[in-house]
Amino acid sequence: MPQTTKNLSSISPDKQRKTISISEYLNPGSSNPLLKKQPAAQSELSLQQVEELSRIKHEAKRAYRRKDFVQALARFEDATTIVPGDLEFSYYQALCFFQLHQWDRAEEMFRRIMELDELRLLPDVRKLLALTLLKRKKFSEAEAILTEATRDRKSDLQLMNMLGYCLERQNKLFEAEKVLSRVIESDPENANGLNSLAYVSCRLEKNYTDALGMVKKALTKEPKNASYLDTLGMLYANRGNTAAARKTLKRALEHAPGNAEILSHLTSV
């Protein structure tokens, strides 16, 4: 089965825009120099409030980087009592909601941020919103955002992988095949793209030999990836090799216990 995407903390900055990456942005001492002050006029803050905001931001970023997202969210919310509606702190809160899998709150905040951040100075807001929508199975809304984003950032293979996943989930298999083929053309070693294209080929019941080669290549990079093993198992099943299919799907389930899609595939073989 296809995967949505990889860890967003490792995203590279968009070369077409002067943004910094999420991981850089969350360094305790960093800030986005291009992010303009919001209407909550910071010039009206007292020196004590400015110092308090700086301390809160430092503590919250440190909590986020050690994956204490509950504490980080609490501190970022403390900051909004000083500067209500501040775009930067809203962004931090949205990241925390995303990491805590509070998809409804994350979606709400990322949408609000997209409206306010007209120059798109904050890192990967559209990508995060699209991924949030995918998590909520709002595939048509995610497709619209990803289609626009991939037009703006043609070299972002993560966005293209997400679009391919989104199309496959909607059974738009030929469209997914075109998008994922472009990923592999740009990066023949892209494991996520290799697996996703192999899975789409499996569902289309075509290019079996090529699909098998692609998913095996992906597995050389990530041999314990349950999604990749699931794809391999389904390819075996489609070719009538039931024993190999069941063995491979059981291995996939070992690495993703309780995964509903893998269980469904295993019971169907």
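Points to keep in mind about this one:
- Evaluation of residue 75 against the conditions (1) over 20 Å from the mean Cα position of the chain (by Cα); (2) of a type in the set (Lys, Arg); (3) within 26 Å of residue 138 (Cβ to Cβ) shows that the sole unmet condition is (3).
- Residue 68 vs. criteria closer than 24 Å to residue 178 by Cα and acidic (Asp, Glu): no
- Pick from the stretch 188-210, criterion assigned to a helix (DSSP H, G or I), more than 18 Å from residue 156 (Cβ to Cβ) and among the polar types (S, T, N, Q), ranking: farthest from the chain's Cα centre (by Cα): 209
- All of 168, 185 fail the test of being modelled with pLDDT of 95 or more, in a helix (DSSP H, G or I) and out of contact with any helix residue (DSSP H, G or I) (no Cβ under 9 Å at 6 or more places or on another chain), apart from 185.
- Elements of the type helices (runs of 4 or more DSSP H) sitting completely within the stretch 82-149 and holding at least 2 residues that are modelled with pLDDT under 95 and of a type in the set (Ser, Thr, Tyr): these cover 87-99.
- Residue 155, sole failed condition from (1) within 30 Å of residue 59 (Cα to Cα); (2) not in a helix (DSSP H, G or I): (1)
- Whichever residue in the stretch 121-166 is of a type in the set (Val, Ile, Thr) and under 22 Å from residue 100 (Cβ atoms) and, among such residues, is surrounded by the fewest Cβ atoms within 10 Å (Cβ to Cβ): 125
- Yes/no for residue 177 being crowded, with 19+ Cβ neighbours inside 10 Å, within 12 Å of residue 196 (Cβ to Cβ) and without any contact (Cβ under 8 Å) to a residue 40 or more places away in the chain: yes
- Being crowded, with 21+ Cβ neighbours inside 10 Å and either at pLDDT below 95 or more than 30 Å from residue 171 (Cβ to Cβ) (or both) is a description that applies to residue 73.
The values are calculated or read from the model by the stated rules, or taken from the named source; none is laboratory data. These numbers were taken from a predicted model, which means no experiment stands behind them. Positions of Cβ are generated from backbone atoms using ideal geometry, with glycine treated the same way; all protein chains shown enter the neighbour counts.
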